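These notes are about the structure you will find just below.
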Amino acid sequence: MLESEVTVLPGVGEKTAKILEKAGFFTVKDLFYYLPRTYENYQSAVKIRDVEPGKVTIKAKVKDAKTHYGRRRNFAITEATLYDDTDSIRAVWFNQPYRAKQLETGKDFYFSGDYELKNGRYQLMSPSVNLATLDNSVGETGFMPVYSSKNALKPDAFRRLFRGFRPEFAKIPDLLPKTEHTPSFVKENARKEALYKAHYATNDKEAKQAREYLAYEELFELILAAKLNKQETQKLRAEKIPYDDKAMKDLLKSLKFTLTDAQKLATWEIIKDLGKPTPMNRLLQGDVGAGKTVVAAASAFQAIRSGFQVALLAPTAVLAVQHAEGLDALLGPLGVKIGLLTGATKHKTELKRQIEQGNVDLVVGTHALITDDTRFKNLALCVIDEQHRFGVNQRQKLLLKSPEGAAPHLLSMTATPIPRSLQLTVFGDLDISTIKQLPKGRQPIKTKAMNSFNMKDELYPKIREELEKGRQIYWICKNIEDSPSLETISVKKQAKKLKTIFKSAKIEFLHGRMKPAEKDEIMEKFAKKQIDILVSTTVVEVGVNVPNASAIVIMDAENYGLAQLHQLRGRVGRGAHQSYCYLITGGENPPTRRLKELENSTDGFYLAEVDLKLRGPGEIYGALQHGALDLKIASFSDTHLIAKARKHAEDVAKNPEIMLKYKELSKSIKRYQQLTTLN
Ligand code: ADP
Ligand code: MG
């Protein structure tokens, strides 16, 4: 029934169906799962005599509703007197000229809004208005769902539609399978009751219970999909790469430092996975500067000494170049042949031939590596740096590059740690190695948030000091060019300005729209200290390693997420020098709470948790594009629901044939599986 087109619903004809379709509602399910954004509770309505400043709800009649226009014709002000049997007050609405007509004299309405002092007198400011005699439960119960608008559909339109749907809910079948660990609230008919109550709740408690069940459903599906994905990966075959002790010793000997315990442990976890005949699927997470690259290099060297090829994917050309150079310095002397394949690579055809013949051991590249026709002789391990930058499809393509019948082992690396709640859900049972410990001798970066008008006094002298010590500076701007519609400062304008402030400094800029060769050149000059201040967009965000850079200034910092700012900050503090991060906010507002968090913490794990709470996963993990994984009903802080759903999903994953009986569930799980296939 839920799969049917919306036209099966009472009151939905062809015309309404068209409108619904335009707004993305095709099936009954689409519509029934469009839950109210919130509820308005008129049960708390007070008599006007008792109204106090702040949020109030009253039931009142209206007189003298009038709209007049401000000096600018397009500015409408509607005013009215609201009264009940105790007293009267004034209400005002801005730019809602239809209100005057709606507010019929003598009828009872519910008004809900802020009662505050404005222009010398107390008024009810732009309150919501609902006829108290509507037959959609508001009149009877004083409790009303509030839907978000969607396209042409206004909240009232949803309410009107749903008024006619009540009897339909009885036909909704259950969704979730019964197993040993099915929680008690997932009982028979629980789903139809929950959906019904979500739309027709008569009090807060009902609304909350409804949501809890539906949140559980959502989490269950997500978790089950992740578990099934993992099982499917485990059915694939991969090349076994036996542990080569001599290779490891050779590599460790050639390092200029000793591995931290955390690095050793991570390397060991990877090596164990590589020895198995099923493909590894491991995420290596570690804060910026934690030293993930050397762990990847040690793993790659194992595969290469066993005669296999390895691919390393970087999100940008700049980073690919840097990785290729770094790895060449490390592994080249040990006999490893390294190839760099980016959009700017010359003699591509020849390089590709070498790769196909197996003459290149380690191929470092960007997206080009997976999207084009590069073929490997015997690819056994793929390393993906900053995995959250890649889409799921790209990863899939990479898997297809392996020799027939065997999938490559996959090692993803990220400096945006995955909060525990996500590990338990979206990232299901992904194997994770974590490097929490930074190499010895690193000094924490000092971070300061400030308003742009304090720059002259508080920032420039510091920058001058660093420059005089021979250090280099990153200066990050939001956009490339100036434009009248943007309030943020551009790379080009900032570079020009800095040239007048730091006259003897060599200043260049870098941005994503430059040609790859140009970008490489600038980055190289910066790495060679031929540039003192690099003004750039966030293209330098990931991975770039210039240890002599000791300060990063981020303009219009309020426009970035915490995870991203933390990542940017990780560009400095990579050498022995005390490093600084300055977060500059435009306008007059004091730095936000988010920026304060950065001042106080250099712990990427903590910041990722905060970011998740504030912005949701879709925003943080770019690869989960379009917020496809953002929860609609549940929240990642529903830890008790997550725990329950995990046990329940585990039962089903152990006996997947259960799913055969649950067709609707199977279908939606399949969709989730595609979204979370990184597991
Ligand atoms: P990230 O985890 O951010 O990718 P990198 O792998 O780029 O970090 O490492 C950052 C810097 O730390 C590099 O210059 C690297 O050579 C250095 N490094 C890595 N491991 C150690 C270690 N155990 N001791 C000292 N320096 C290290
Ligand atoms: Mg890195």
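Taken together, the values in this text are just the output of simple stated rules run on the coordinates, not laboratory data. Note that this is a predicted model, so its numbers are computed, not measured. We place every Cβ from the backbone using ideal geometry, glycine too, and count neighbours over all the protein chains shown.
Of note:
- Its Cα centre serving as origin, the chain has a Cβ charge dipole (Lys and Arg +1, Asp and Glu -1) of approximately 1000 debye.
- Pairwise centroid distance, computed over Cα atoms, of the stretch 181-201 with the stretch 294-371, Å: 54 Å
- Stretching Lys118 away from Asp261 to a fully extended chain increases their span by 45.2 nm, per 0.36 nm per residue minus the current alpha-carbon distance.
- Viscosity 1.306 mPa s, temperature 10 °C, Stokes-Einstein D of the stretch 195-254 from Kirkwood C-alpha radius, µm²/s: 98 µm²/s
- Rounded FRET efficiency, nearest 0.05, which uses the C-beta distance separating Ser485 from Ser452 and R0 of 25 Å: 0.85
- Its DSSP H runs of at least 4 residues, each contributing -39,500 (n - 2.57), put the calculated 222 nm mean residue ellipticity of the chain at -10500 deg cm²/dmol, to the nearest 500.
- Amide H to amide H distances under 5 Å link Glu40 with Met144, Val146, where only residues 5 or more positions off or on other chains count and H is placed in the peptide plane.
- Long-range amide H partners of Lys478 with built H, under 5 Å: Ile489
- FRET efficiency, 1/(1 + (r/R0)^6) with R0 56 Å, evaluated for Asn600 and Asp50 via beta carbons: 0.80
- Comparing the stretch 45-146 with the 2.2 N^0.38 Å rule of thumb, its C-alpha radius of gyration ratio is 1.06 (two decimals).
- Full extension of the segment from Lys647 to Arg160, taken as 0.36 nm per residue of separation minus the current Cα-Cα distance, would add 171.3 nm.
- Simple spin-label estimate for Phe185 and Lys506 gives 6.4 nm between the two label positions (7 Å along the Cα-to-Cβ direction from each Cα).
- For the chain, the relative contact order is 13 percent, taking Cα pairs closer than 8 Å that sit 6 or more residues apart in sequence and dividing their mean separation by the residue count.
- Gyration tensor (alpha-carbon) shape descriptor, the chain, a/c threshold 1.5: oblate
- Distance between the pseudo-spin-label points of Lys515 and Leu252 (7 Å out from Cα toward the beta carbon): 4.7 nm.
- Judged by the gyration tensor of its Cα atoms, with axes a ≥ b ≥ c, the stretch 446-601 is rounded; a/c sits under the 1.5 cut.
- Compared with the alpha-carbon gap, the fully stretched path from Asp30 to Asp85 is longer by 15.4 nm at 0.36 nm per residue.
- Backbone HN-Hα couplings from phi across the stretch 162-174 [Karplus 6.51/-1.76/1.60, Hz, Gly and Pro as x]: 5, 3, x, 8, 2, x, 5, 5, 4, 7, 6, x, 6
- Long-range HN-HN contacts of Arg442 with modeled amide H, under 5 Å: none
- Cα-projected label distance for Gln43 with Ala152, points at 7 Å along beta-carbon direction, nm: 3.7 nm
- When peptides 565-577, 476-488 are sorted by average Cβ neighbour count within 10 Å, with the highest value leading, the order is 565-577, 476-488.
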